[in-house]
Amino acid sequence: FVPVNTSSATDISYSWFNCTALTSFPIIDTSNVLNFSISWKNCSALTSFPALDMSSGTNFTSAWQLCTALTSFPAGAKLGTEANNVNFNSAWNASGLTSFPALDLSEGNNFQSAFNGCTSLTTIGSGVLLGTASNNVQFSFVLKNCTALTIIPNNLDLSKGDDFQQGFNGCTSLVDFPEGVFDTMGTPRNSC
């Protein structure tokens with residue numbers, strides 16, 4: 001994909017959906033884009049993705065879902081940091097991620113199935129912020145079937161969560177779940 005002028009774009013949903021031969025993505029101006037839903041969904045050969053400024057984004061629904069060759073995500077990416085009530089529903093669902101960096105996703109209010117089916121995900125960056133600046137955050141199915149995940153970071157703050165239904169269900173390799181993760185609401189039903 002050759003970079004084009006996207007500085008005025010506000011909606012790039014479905015733009016590269018099903019581009020199954022796309023292996024890398026260039027740096028483009030996404031600073032004004034609000035809707036990233038399904039933008040790179042099923043780009044199954046995508047192995048690298050740049051640290052784009054997506055700080056205005058409010059909708060990342062299924063943005064990288066089924067990107068099975070994408071094993072890492074850039075630590076410098078800015079996703080919805082200047083927005084409110086950001087939707088990360090199924091954002092990385094069934095992708096090939098093996099690790100996820102400590103990104104600021106504090107404005108997110110919907111992480112339903114965000115990492116569901118990421119069967120190669122082994123680590124989540126200590127210090128990642130998931131919905132800490134929002135209220136009534138949706139965490140159902142968030143890490144469901146992440147079968148390689150062994151540890152949840154000690155400082156993971158899920159205190160703004162409202163729904164954890166099957167949030168960690170199927171995490172069969174999980175050996176450590178830190179105290180205090182659910183302190184503000186008690187133990188959520190069907191979470192593990």
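The values are calculated or read from the model by the stated rules, or taken from the named source; none is laboratory data. Here the structure is a predicted model, which means the values were calculated and not measured. Remember, those area values only see protein heavy atoms, side chains included, never the ligands or the DNA or RNA. Shrake-Rupley method; radii C 1.70, N 1.55, O 1.52, S 1.80 Å.
In terms of its Cα atoms, the chain spans 49, 30, 22 Å along the principal axes, sorted from long to short.
For region 3-158, with all protein chains present and a 1.4 Å probe, just round the carbon and sulfur fraction of the accessible area to a whole percent.
In region 3-158, the share of accessible area belonging to carbon and sulfur is 46 percent.
Normalised per residue, the accessible area of the chain is 42 Å², obtained with a 1.4 Å probe and no contribution from ligands, DNA or RNA.
Here region 1-104 yields Rg over Rh of 0.92, to two decimals, using C-alpha coordinates and the Kirkwood radius.
Relative to one another, the C-alpha centroids of region 1-49 and region 122-170 are positioned 26 Å apart.
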